[in-house]
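J.: I have a structure I would like to understand better, so I am pasting it below and will then ask my questions one at a time.
The values are calculated or read from the model by the stated rules, or taken from the named source; none is laboratory data. This is a predicted model, so every value here is computed, not measured. Please note: Cβ atoms are built from the backbone with ideal geometry, for glycine as well, and neighbour counts cover all protein chains shown.
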Amino acid sequence: MINNKRYVLQKFISYDEKAKLETWMITTIKSDNLDALMNFLSNGYRIFDTVSNKEVIRN
């Protein structure tokens, strides 16, 4: 059974200067409640909305 949640915490991995491309790794921390994920947001992480396919907040 797949447990899909709206918001997912992603960790910054690298930046390709030539291609101007960021690489993000999806963590196992997911929630339908944005406020619950805010407690886990630290430097090098972002919260991504899987419904609208947009970054919500980055730190």
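J.: Considering only the range 1-25, state which residues are part of a strand (DSSP E or B) and out of contact with any Lys or Arg (no Cβ under 8 Å at 6 or more places or on another chain).
T.: Answer for the range 1-25, where residues must be part of a strand (DSSP E or B) and out of contact with any Lys or Arg (no Cβ under 8 Å at 6 or more places or on another chain): 11, 13, 14, 15, 16, 21, 22, 23.
J.: Provide a single number: the residues in the range 44-59 that are surrounded by 11 or more Cβ atoms within 10 Å (Cβ to Cβ) and of a type in the set (Ser, Thr, Tyr).
T.: The total comes to 2.
J.: So residue 41 ticks every box in (1) modelled with pLDDT under 95; (2) of a type outside the set (Ser, Thr, Tyr); (3) exposed (fewer than 11 other Cβ atoms within 10 Å of the Cβ) but one. Which box is left unticked?
T.: Going through the list (1) modelled with pLDDT under 95; (2) of a type outside the set (Ser, Thr, Tyr); (3) exposed (fewer than 11 other Cβ atoms within 10 Å of the Cβ), residue 41 breaks only (3).
J.: I would also like to ask the following. How many residues does the range 26-59 contain that are among the hydrophobic types (A, V, I, L, M, F, W, C) and assigned to a loop (DSSP other than H, G, I, E, B)?
T.: 3
J.: Here are the criteria: (1) among the aliphatic types (A, V, I, L, M); (2) surrounded by 12 or more Cβ atoms within 10 Å (Cβ to Cβ); (3) in contact (Cβ under 8 Å) with a residue 24 or more places away in the chain. Tell me which single one residue 26 does not satisfy.
T.: (3) is the only condition that residue 26 fails.
J.: Being surrounded by 10 or more Cβ atoms within 10 Å (Cβ to Cβ), acidic (Asp, Glu) and over 12 Å from the mean Cα position of the chain (by Cα): is that true of residue 32 here?
T.: In short, yes.
J.: Does residue 3 qualify as being at pLDDT 95 or above and loosely packed, with under 10 Cβ neighbours inside 10 Å?
T.: Values: at pLDDT 95 or above: no; loosely packed, with under 10 Cβ neighbours inside 10 Å: yes.
Judged against the criteria, residue 3 is not a match.
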